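What follows is calculated from the coordinates using simple rules that are stated; it is not laboratory data. Computed from a prediction, not measured in an experiment: that's the story for all the values here. No Cβ is skipped: glycine too gets one built from the backbone with ideal geometry, and neighbour counts run over all protein chains shown.
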């Protein structure tokens, strides 16, 4: 495809849509791959896929292969799902929760998300879903952004406590956060300090992208 070849020289935008939830959604050929962006940041594939792949590698691909059920809060184009299925060869169930139906329509059209048989997509608010779900999960991936902003509820102790309560023993949370100023650094350190250390261990991974910091929580008891 000629657009793909030219994208190694210059990014080529092939789709742009206004979305009520995400404001602007764009699909671009960049360095030979399709990426999904909002107005100011990468939403799926590209740098975001590298970041979440790094987090999954830290948890360990062998551990992930033994898991039964993974929950993804914030699907966007589904790049982390593709990493799980195509690269790690994960065979268990994946539940993806996404608030923006436009995003899922685009993910299906451009990234064939609807062809992944083990994937269930639920259009819902992540906060509401976490309150309602009766399931327990081996891995919960939190990747929720409104362009470059993160909803405040993600860092509230009530929400983090509820997330941790949904983990199976030896289960993990992989939380992708954005750091744009010192207040965000303070926020992340406070979040880590509030995790119950008797039942859970938590750590921040060294950054591989300037503005993204991954937090990993493990249920150890």
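Observations on the model:
- Seen against the Cα atoms of the chain and their longest principal axis, helix 182-193 is set at about 40 degrees.
- Taking 126, 183, 76 in turn, the Gaussian network model of the chain (Cα-Cα springs below 10 Å) assigns the largest fluctuation to 183.
- Highest-fluctuation residue, 38, 201, 193 considered, GNM on the chain with Cα pairs under 10 Å: 193
- Segment 5-124, relative contact order in percent, only Cα pairs under 8 angstrom and at least six apart counted: 18
- C-alpha long axis of helix 46-59 to longest principal axis of the chain, angle in °: 30
- Computed log₁₀ I(q)/I(0) - Debye formula, equal Cα scatterers, no solvent, segment 26-143, q 0.10, 0.14 Å⁻¹: -0.28, -0.55
- Using just its DSSP H runs of length 4 or more, each adding -39500 (n - 2.57), the chain gives a mean residue ellipticity at 222 nm of -8500 deg cm²/dmol after division by all residues.
- Within a Gaussian network of the chain (alpha carbon springs, distance under 10 Å), most fluctuating of 113, 48, 205: 205
- Rounded if a/c under 1.5, otherwise prolate or oblate - the chain, Cα gyration tensor axes: prolate
- At R0 = 22 Å, FRET efficiency that the Cβ-Cβ distance of residue 13 and residue 180 yields, to 0.05: 0.35
- Rounded if a/c under 1.5, otherwise prolate or oblate - segment 93-175, Cα gyration tensor axes: oblate
- With respect to the chain, whose longest principal axis is taken over its alpha-carbon atoms, helix 101-111 is tilted by about 60°.
- Mean Cα-pair separation over length for segment 50-219, i.e. relative contact order, pairs under 8 Å, 6 or more apart, %: 21
- By other beta-carbon atoms within 10 Å, ranking 156, 128 with the fewest at the front produces 128, 156.
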